[in-house]
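*Asks:* First the structure, which I've put down as structure tokens, then a few questions once you've had a look.
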Amino acid sequence: MNAPLVSLNELSVHYPLGRRLIGAAPVLKAIDQVSLDIPKGSFFGLVGESGSGKTTLGRAILRAAPISGGHATYCDGEVDYDLGTIGKEQMRDYRKRAQLIFQDPYAALSPRMTVRDIIAEPLEVMGITKTREETDARVREIAAKCRLNLEHLRRFPHAFSGGQRQRISIARALVCGPKFVIADESVAALDVSIQADILNLLKSLQRELHLTFLFISHDLSVVAHVCDYVAVMYLGSIVEVAPTRELFATPRHPYTRALLSAIPSLDPDDTGQAQRLEGEVPSPASPPSGCRFHTRCPVVHDRCRRDIPHLQEADEGTSVACHFWRETLPG
Ligand code: ADP
Ligand code: MG
């Protein structure tokens, strides 16, 4: 494993909920004490059901969500930032280094902007290029890398397909030369065939530009094909981290097994005894005691209702947060 580019140490994002009545003010624990290393140069997957805190985690790393506890650092060999205390000047620099791919740039931007202007905007906002010629050259270069037709740069976005829009989004995120890119549900809205196109594009851009990716998806089958590592989130905490192949071969956390068994094509030996998840995700405003997954866990023990399992090294380069992972491994 390479040295971490981004390192989280017991990072929390808590949102206040209404007014204090008696005692401590109620909070929603969107992220609770997450420790995680994202190795430099990796394509790192983050999966979990909707509401588990994936977007908040990504936003906290970009300093777009408030850090309420713990530490987050970014260290790319050129700079070393503590994201909790980062100053204004450093923040300006960090914004060039860490970027988010928007799901749909047109939803946020004026429909009167051409594709060229949409891609060029970050360069102009951050003052990276000095002249229009320089900006145009940079836009053409990144558009070509994202396999956009250069003819299309003069057009307006409304006529484009979902796949092309996503390419424009990617070009916009990469135009200022970041080292770290967060792709949050970047293929969720696309047809399966176009998903594969975009995933291949992201993967080849990662290699060519030496990027580190945090790839967020609610769909474990999507991360299987592109990610080197996968972290599984449940209700604001990480329950398992593993190299992708290892995670799919030997899922150690009962929640990971449940997510996997929901993908029929990956489970040819499925004899109908797959662990299906019952019930809804509990509210992060009042998470269950002990292990947060205990209310839905098919192999729950008494201890799980009392003691919080911390993420600990298991084997084969994996970490898991379960008191009984060894005992409950099938087969
Ligand atoms: P995911 O991306 O995994 O679907 P999110 O990170 O969007 O999950 O949300 C995690 C939890 O945090 C949810 O319960 C959500 O309602 C809550 N949440 C997210 N952003 C805010 C916010 N700005 N204020 C209050 N609660 C929030
Ligand atoms: Mg999300």
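*Asks:* Going by alpha carbons, how many degrees (0 to 90, nearest 10) lie between the helix axis of 115-125 and the longest principal axis of the chain?
*Replies:* 80
*Asks:* Based on alpha-carbon centroids, what's the gap between the stretch 228-254 and the stretch 170-206 in Å, whole number please?
*Replies:* 22
*Asks:* Using heavy-atom solvent-accessible surface (probe 1.4 Å) with all chains present, what is the largest-first order of 14, 210?
*Replies:* The residues order as 210, 14, largest area first.
*Asks:* Taking a 1.4 Å probe, which of 167, 326 shows the most accessible area, and what order do the others take after it?
*Replies:* Correct descending sequence by accessible area is 326, 167.
*Asks:* Rg/Rh for the chain to two decimals, with Rh computed the Kirkwood way over all alpha-carbon pairs.
*Replies:* 0.99
*Asks:* Going highest first, how would you order 146-156, 54-64, 111-121 by mean Cβ packing within 10 Å? Before the final figure, lay out each step's value.
*Replies:* Values: 146-156: 15.3, 54-64: 20.6, 111-121: 18.5.
Highest-to-lowest ranking by the protection proxy: 54-64, 111-121, 146-156.
*Asks:* In whole Hz, what ³J(HN,Hα) sequence does the stretch 305-316 give by Karplus (6.51, -1.76, 1.60; θ = phi - 60°), x for Gly and Pro?
*Replies:* Once θ is set to phi - 60°, the couplings for the stretch 305-316 become 7, 9, 9, 6, x, 8, 5, 10, 4, 9, 8, 6 Hz.
*Asks:* Show 136, 307 ordered by accessible area, largest first, where the area counts protein heavy atoms only and the probe is 1.4 Å.
*Replies:* 307, 136
*Asks:* If you don't mind, there's one more thing I want to ask. Name the residues whose placed amide hydrogens come within less than 5 Å of the amide hydrogen of residue 28, ignoring near sequence neighbours (fewer than 5 apart) on the same chain.
*Replies:* Here 15, 17 satisfy the definition.
*Asks:* While we're looking at this one, here's another question. Restricting to the chain, compute how many DSSP beta bridges are antiparallel as a %, nearest 5.
*Replies:* 60
*Asks:* Turning to a different aspect of this structure: Using a 7 Å offset from the Cα along the Cα-to-Cβ direction at both residue 192 and residue 9, what is the distance between the two label points in nm, to one decimal?
*Replies:* 4.5
*Asks:* Still on this structure: Could you report the accessible area of residue 192 in Å², rounded to 10, computed with a 1.4 Å probe on the protein chains as they sit in the structure?
*Replies:* Its accessible surface works out to 110 Å², give or take rounding.
*Asks:* Please list 3J(HN,Hα) in residue order for the stretch 192-203, calculated via the Karplus relation 6.51 cos²θ - 1.76 cosθ + 1.60 where θ = phi - 60°; whole Hz, with x for glycine and proline.
*Replies:* 4, 5, 6, 3, 4, 4, 5, 4, 4, 5, 4, 5
*Asks:* Here is a further query. What distance in nm separates the simple spin-label points at residue 289 and residue 80, each placed 7 Å from Cα in the Cβ direction?
*Replies:* Distance between the two pseudo-spin positions: 4.3 nm.
*Asks:* Gain in length, residue 207 to residue 249, computed as 0.36 nm per residue apart minus the alpha-carbon separation, to one decimal in nm?
*Replies:* Computed gain between residue 207 and residue 249 is 12.6 nm.
*Asks:* Something else now. Once phi is turned into θ = phi - 60°, what whole-Hz ³J(HN,Hα) does the Karplus curve with 6.51, -1.76 and 1.60 give for every residue of the stretch 164-176, x standing for Gly and Pro?
*Replies:* Using θ = phi - 60°, the values come out as 5, 4, 5, 4, 5, 4, 5, 4, 4, 6, 9, 5, 8 Hz.
*Asks:* Compute the long axis of helix 132-145 from its Cα atoms, compare it with the longest principal axis of the Cα atoms of the chain, and write down the angle in degrees, 0 to 90, nearest 10.
*Replies:* So the inclination is approximately 50 degrees.
*Asks:* Here's something else I'd like to know. Report the net charge of residues surrounding residue 13, where surrounding means a beta-carbon distance below 13 angstrom and charges are Lys +1, Arg +1, Asp -1, Glu -1.
*Replies:* Values: positive: 29, 54, 59, 63; negative: 10, 32.
Spelling it out: positives minus negatives among the neighbours equals +2.
The values are calculated or read from the model by the stated rules, or taken from the named source; none is laboratory data. Computed from a predicted model, the values in this text were never measured in an experiment. Ideal geometry is used to build each Cβ from the backbone, glycine not excepted, and the neighbour counts take in all protein chains shown. Just so you know, the surface numbers come from the protein's heavy atoms only, side chains and all, with ligands and any DNA or RNA stripped out. Shrake-Rupley method; radii C 1.70, N 1.55, O 1.52, S 1.80 Å.
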